[in-house]
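Heads up, the thing below is written out as structure tokens.
The values are calculated or read from the model by the stated rules, or taken from the named source; none is laboratory data. Owing to the predicted nature of the structure, the values given are computational and were not obtained by experimental measurement. Here the Cβ positions follow ideal geometry from the backbone for every residue, glycine too, while neighbour counts run over all protein chains shown. Calculation scope for accessible area: heavy atoms of the full protein, side chains included, ligands and nucleic acids excluded. Shrake-Rupley method; radii C 1.70, N 1.55, O 1.52, S 1.80 Å.
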Amino acid sequence: MQKISIIEHTLLTENVLKRLANRRILTILDFLNEDVDKISCAAKITIPQVLDIRNQIFDKYSAPVLCGLILLERHLNKCLNTGIESINTMLNEGVPIGHITELCGLANSGKTQLCHQLAVNCVKHTENTVLYIDTKGDFSAKRIQFLLHSYKKSYKEMAEIMFKIKVTRIWNMEELIELLQNLKKGTIVLNKLSMIIVDSLPCLMLQHLGEESKIGLALLNQFVNYCRFLCDHLQICVVCVNVQTRWVDQDLVELEDEKKHYSTSFQEPTYVEKQNRCLGKYWQHIPALVLLLDKNPLLDNEVDDNTIRQLSLSVLTSNSKVLKQCNLTLSSTGVR
Amino acid sequence: MASSCKIETGMQLLARLTKQQNIEKFYPVLFENGPRPGEVIELYSESNINPLLIDIICEALLPSCFGDLKISIIYFNCNGNFNYDSLLSCMSYKISTYVSENKTTQNCNDNKINELVKKMLSNIFIAEIYDASQFYISIHNLERVFLEHSNIAMIIVDTITAFYWSEQAHKICKMDTYTKKILQIIQKVCKDHKLSILYTRPEHFSSSKDSIEAFEPCNQFPVLEKVNYRIQVVPTKDESIYNINIRTHKSLIQRTLYMDQDKVDWI
């Protein structure tokens, strides 16, 4: 919580702040929680003056209260075209603007490839800019160039398109939050920013795995808060890559008829495969849209020495049930 | 004194404090005759309960010409996943359904429905909250909001625990204690206005891992930090069917709900 001293008000002189500090009123919240008349006595200022300071705090720091009518105009059906027809059809036009979208899948399921493709498609025919946050160090400019080459783009066009994909390498959560903070403050400005891709979030979060202090969760919460602000104010979408983990649990299942009871019940172990989205329970409800990318190796085929991999992309519900699905192909010419 | 501060006579003050918007007998399938002014409703689940929340909001906002109560709501969007398109669809659907079920009502063409939807939307006030500081300051700012919009009868906080982790440093506050702390701040600010408070939280966000029956009992009357209705939404094996456990001070009622992304139907 911000200190009361950050408020620029003529009445909040050094002496007044000292008097407030003596009464342990140090933060804005302490100031708001305390009764007006008590603050008036403690700080030796009049009640109307205390109310004036309170009003200044509300004007500057509280969320604007908007009528539903205004929000209706702001939020109607805004999606970002992914440039991939099957995804657009499945998502009713594209990735939702103003929200966090999660792209998850097992290792080597093609998540980074799809992110590269989304970045290219998003800037290819528009003035849009994409911010690609690479946390694994495997963003490949060569891959982007290869994709553009397959679209028969000239070198000049390739350069123009690649210029609109801004890549930054981030190695920990603190750096990521600092970057978002700078975007929020406006100290970093990206013209016509339309999408932020974070590939991938677990890379940063797993550094905090097992910490008793839960600092990782605190940082993740801050990351989400900044993303939400940027999504709303810049009208962009944030795509976060998450990893799906696969666990094989040994469950003991009673095979005998439940009606019969034996002194020693006969049990046989069965193995159940469980697939979980990484990043824990807090994260589970954060994305507005969860996309699961899966590969179908049995359907892969080869055409002219070029392996064409078959992928499926599903929309998951909050209970991890598949709501909708579409098929994609991954080849040297990209994801389609 | 700041210009936004209203000066009023004792009579005006009395009128403001006593003329409360009545939301009793609102959404009877969940609240029967309630909720009464000042009561607190906790809505929690491990699933996405946005469609249910939208249904509750729409029921509250249905215009009085349809026989329902005319109140305003303030909605704190703390988790960012509120779907305004779904809210709009739900409003249109409810109005159309009502019109088709009550043929005696005046002619209702698309324009009339749109007009009514706009009317409903003008009764909801939304605050988009992005961090913990803004959350607390916005709660305190409610004092001023109520002066401007005196017909607000319910405050909805979705989700009350959205900033919990960002506030935890090396010493971690218990989840239940945190929820109570926020509730207490809201109740203190709203006490003169006797608003009903509805908040949501994820099911896992609780210090107690016990079932609903083992939770702290609900209170009969509005009391600081206490809940009057505890509503749990439990997914079943059937994808769109949910069991609803409604806990009050006197009973635990169970109901079944069909809920998908666009529709809510009580079975």
Open item on the list: At 1.4 Å probe size, put A:L32, A:L299 in order of accessible surface, largest to smallest.
Closed with: A:L299, A:L32
Task: B:Y93 - accessible surface, heavy atoms, 1.4 Å probe, Å² rounded to 10 - done: 120
Open item on the list: Can you give me the angle between helix A:141-150 and the longest principal axis of chain A, using Cα atoms only, in degrees from 0 to 90, rounded to the nearest 10?
Closed with: 60
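Tally Lys/Arg at +1 and Asp/Glu at -1 over every other residue whose Cβ is under 11 Å from the Cβ of A:V335; what's the total? Walk me through the numbers before you get to the answer.
Numbers: positive: A:K111, A:R309, A:R336; negative: none.
It works out to a net charge of +3.
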Task: Cα centroid separation, segment B:165-202 to segment B:217-244 (Å) - done: 17
Task: Pairwise FRET efficiency - A:S320 versus A:I188, Cβ, R0 = 30 Å, nearest 0.05 - done: 0.25
Task: Residues with amide H under 5 Å from that of A:V290, placed H, sequence gap 5 or more - done: A:E102, A:L316
TODO: Would you mind checking the tilt of helix A:215-234 against the longest principal axis of the Cα atoms of chain A, expressed as 0 to 90 degrees and rounded to 10?
DONE: 90
Open item on the list: Please list, in order along segment B:254-267, the HN-Hα scalar couplings obtained from phi with the Karplus expression 6.51 cos²θ - 1.76 cosθ + 1.60 (θ = phi - 60°), rounded to whole Hz, x for Gly and Pro.
Closed with: 10, 9, 10, 10, 9, 9, 10, 4, 10, 9, 10, 9, 7, 9
- [ ] Express in Å², to the nearest 10, the accessible area of A:D138 obtained by rolling a 1.4 Å probe over the protein heavy atoms while all chains stay in place.
- [x] 70
Open item on the list: If R₀ is 45 angstrom, what is the calculated FRET efficiency for the pair A:V272 and A:Q235, using the beta carbon separation as r and rounding to 0.05?
Closed with: 0.55
- [ ] With a ≥ b ≥ c taken as the square roots of the eigenvalues of the C-alpha gyration tensor of the protein assembly as shown, please select rounded if a/c is under 1.5 and otherwise prolate if a/b is larger than b/c or oblate if it is not?
- [x] prolate
Open item on the list: Helix A:111-124 against the longest principal axis of chain A: what's the angle in degrees, Cα atoms only, rounded to the nearest 10?
Closed with: 70
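I need the shape label for chain A. Rule: rounded when a/c is under 1.5, else prolate if a/b > b/c, else oblate, with a, b, c from the alpha carbon gyration tensor. Working shown, then result.
On the way: a/c = 2.54, a/b = 1.42, b/c = 1.79.
Note, shape of chain A comes out oblate.
For segment A:4-61, what relative contact order do you get, as a whole percent, if you take Cα pairs closer than 8 Å and at least 6 residues apart?
Details: 38 pairs, mean separation 19.6, N = 58.
So the answer I get is 34 percent.
Which whole-number percent gives the relative contact order of chain A, counting Cα pairs below 8 Å spaced six or more residues apart? Let's see the in-between values first.
Working: 518 pairs, mean separation 61.2, N = 336.
Averaging sequence separation for qualifying contacts and normalising by length gives 18 percent for chain A.
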TODO: Determine ³J(HN,Hα), in whole Hz, for all residues of segment B:174-182 in sequence, where each value follows from phi through the Karplus function 6.51 cos²θ - 1.76 cosθ + 1.60 and θ = phi - 60°; x replaces Gly and Pro.
DONE: 4, 4, 5, 4, 5, 4, 5, 4, 5
Open item on the list: Solvent-accessible area of A:T13, probe 1.4 Å, all protein chains present, reported in Å² to the nearest ten, please.
Closed with: 60
Task: Of all accessible heavy-atom area on chain A, the percent that carbon and sulfur account for (1.4 Å) - done: 51
Task: Largest-first ordering by accessible area, 1.4 Å probe, given options B:L224, B:L198 - done: B:L224, B:L198
- [ ] Output ³J(HN,Hα) for segment A:43-48: one whole-Hz value per residue in order, computed from phi by the Karplus curve 6.51 cos²θ - 1.76 cosθ + 1.60 with θ = phi - 60°, and x for Gly and Pro.
- [x] 8, 6, 10, 6, 4, x
Task: Violating pairs (Cα-Cα greater than 23 angstrom) within the set A:K281/B:K94; B:K226/B:K263; A:K274/A:K321 - done: A:K281/B:K94; B:K226/B:K263
Open item on the list: For chain A, set up a GNM with springs between Cα atoms under 10 Å and report which of A:N182, A:N301, A:N33 has the largest fluctuation.
Closed with: A:N33
